[in-house]
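Colleague: After the structure tokens below, expect a handful of questions from me.
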Amino acid sequence: MSHQCVRCGKFYEDVSEEILKGCTCGSHFFFFIKKEEMKQIKEEQIKPIDLTLTERKEIEEDIREIIGPDIDLSKPVILDLESIRIKKPGQFEIDLVSLFKRKPLVYRLEDGKYYIDIATTFQLKKNFDEVQPNYNKEETEE
Amino acid sequence: MIKAIKDFMRKLFSGLFSIKNNFKMGFYGPPNSGKTTLANRICKDWTGDELGKTSKIPHETREIQFKEKVEIEYKGNKLTFKLIDTPGISTKIDYEDFMKFGLNEKDAKKRAKEATRGVIESIRWLDDMDMVVVVLDGTKNPYTQVNITIIGNLVARKIPVLIVANKSDQRNFNVKKIEAAFPQYRVVSLSAKFGKNMEEFYENAFALAKQRRSMKKKRKR
């Protein structure tokens, strides 16, 4: 598994310290790149996500708004691109089958590293007036 | 002790009344199929108000909209519904499509982002529904991933479904295609815009409520 910084496009290996602390450019958002996709990128069979700096910033903003204020953005955010793929700012591809499956809000991959399911976030937001454990906060604090 | 008894009585009575009345009826479907137009028609028929704004530009509804306590009467019986109009569900949202309707790039991108949130929100609300009216555009091909996924998920979650083939006022309207695509469901043809065949819709809304009620009873046993 590899990751690509949403803002500057730099690639990081799975265990990289930068994913936990944030990219050298200051961003905490990372695209999740599947193993087979990374292999294809290395072999130049497919192009990596190629966007301008402005487009990357726009995507970062979009993600912030879509996820909502409940997520601790000082922690690394690895985007669940299985459910929503942002091709370019304003262009979204939605995998309905994946969204209809109720996945947990946050997957803990390893220490300080989480995989956030955007869809479930809304379930929590919707029930904000009900008694809910502060699941999100607990999960993102390490 | 007294508090416990009071709580028990409150739960018992609220449970009884929620079974008897106030059904949460969700309107689901792809964008521009007429969900808000239908919800508006029902609201107008029974409350005199409208529920939401409609537009020719897809994804006009980008947030869940409600109308509480809509009392519908059919053949002397009365039932109360909470109408829940949901944003259209789609697999691809592209701001460029909105620009074709005259929106500038900034507004089109904002609309795309809100529409994406809307899709997520619609899906997340599904479990709260007592019954769902799937509103399809009767002039379009019903064999789409969106339609099949929505209906498949409703069945899996045991939520009573009614399919509405909307836009029966249009020349290329074809209810047979929808009936052939979903043969195991009741399909009501109507024109929400002109209020055509609403009587059949209300008859089926009552049938859905009955279905829901019997499902709840079975679960309680």
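Colleague: When you go through B:ILE42, B:ILE93, B:ILE64, B:ILE84 one by one, which is the residue that is at pLDDT 95 or above, within 14 Å of another protein chain (Cβ to nearest Cβ) and touching a strand residue (DSSP E or B) at 6+ places or on another chain (Cβ under 7 Å)?
Modeller: Details: B:ILE42 fails: within 14 Å of another protein chain (Cβ to nearest Cβ); B:ILE93 fails: at pLDDT 95 or above; B:ILE64 fails: at pLDDT 95 or above.
None of the other options fit; the residue is B:ILE84.
Colleague: Please verify whether B:ASP169 is acidic (Asp, Glu) and within 30 Å of A:GLU65 (Cβ to Cβ), treating the condition exactly as stated. Walk me through how you get there before you give the answer.
Modeller: Working: acidic (Asp, Glu): yes; within 30 Å of A:GLU65 (Cβ to Cβ): no.
Spelling it out, it is not the case that B:ASP169 is acidic (Asp, Glu) and within 30 Å of A:GLU65 (Cβ to Cβ).
Colleague: Restricting attention to the stretch B:137-148, report how many residues are at the interface with another protein chain (Cβ under 8 Å from one of its Cβ atoms) and in contact (Cβ under 8 Å) with a residue 60 or more places away in the chain. I'd like the intermediate steps shown before the answer.
Modeller: Of all residues in the stretch B:137-148, those at the interface with another protein chain (Cβ under 8 Å from one of its Cβ atoms) come to B:145-146.
Still in the running and in contact (Cβ under 8 Å) with a residue 60 or more places away in the chain: B:146.
Number of matching residues: 1.
Colleague: Scan the stretch B:179-188 for residues that are out of contact with any helix residue (DSSP H, G or I) (no Cβ under 9 Å at 6 or more places or on another chain) and outside any loop (DSSP other than H, G, I, E, B) and report the count.
Modeller: The total comes to 2.
Colleague: Can I ask one more? Among B:LYS100, B:LYS78, which is the only one that is on the phi < 0 side of the Ramachandran plot, among the charged types (D, E, K, R), within 14 Å of another protein chain (Cβ to nearest Cβ) and without any contact (Cβ under 8 Å) to a residue 24 or more places away in the chain?
Modeller: Working: B:LYS78 fails: within 14 Å of another protein chain (Cβ to nearest Cβ).
On inspection, the qualifying residue turns out to be B:LYS100.
Colleague: Any residue that is under 30 Å from B:PHE173 (Cβ atoms), acidic (Asp, Glu) and more than 10 Å from chain A (Cβ to nearest Cβ) - is there at least one of those in the stretch B:117-136? Break it down into steps so the answer makes sense when it comes.
Modeller: Residues of the stretch B:117-136 that are under 30 Å from B:PHE173 (Cβ atoms), as a first pass: B:118-119, B:121-123, B:125-126, B:129-136.
If we keep only those that are acidic (Asp, Glu) too, we end up with B:121, B:130.
From the residues that got through so far, the ones that are more than 10 Å from chain A (Cβ to nearest Cβ) too are B:130.
Among the residues of the stretch B:117-136, at least one is under 30 Å from B:PHE173 (Cβ atoms), acidic (Asp, Glu) and more than 10 Å from chain A (Cβ to nearest Cβ), which makes the answer yes.
Colleague: In the stretch B:78-91, what count of residues is obtained for those that are exposed (fewer than 12 other Cβ atoms within 10 Å of the Cβ) and either within 17 Å of B:THR116 (Cα to Cα) or touching a helix residue (DSSP H, G or I) at 6+ places or on another chain (Cβ under 8 Å) (or both)?
Modeller: From the stretch B:78-91, those exposed (fewer than 12 other Cβ atoms within 10 Å of the Cβ) are B:78; that's our starting set.
Okay, now just the ones that are also either within 17 Å of B:THR116 (Cα to Cα) or touching a helix residue (DSSP H, G or I) at 6+ places or on another chain (Cβ under 8 Å) (or both), so none.
Number of matching residues: 0.
Colleague: Tell me the strands (runs of 3 or more DSSP E) entirely within the stretch B:53-130 that contain at least 3 residues that are more than 17 Å from A:ASP95 (Cα to Cα).
Modeller: Working: elements: B:65-74, B:77-85, B:92-94.
Result: B:65-74, B:77-85.
Colleague: Quick one: would you say B:LYS75 is touching a helix residue (DSSP H, G or I) at 6+ places or on another chain (Cβ under 9 Å) and of a type in the set (Lys, Arg)? Steps first, please.
Modeller: Details: touching a helix residue (DSSP H, G or I) at 6+ places or on another chain (Cβ under 9 Å): yes; of a type in the set (Lys, Arg): yes.
For B:LYS75, the condition - touching a helix residue (DSSP H, G or I) at 6+ places or on another chain (Cβ under 9 Å) and of a type in the set (Lys, Arg) - is met.
The values are calculated or read from the model by the stated rules, or taken from the named source; none is laboratory data. The shown structure was predicted, so the numbers you read here are calculated from the model rather than taken from an experiment. Don't worry about glycine lacking a Cβ; one is built from the backbone with ideal geometry, like all the others, and counts go over all protein chains shown.
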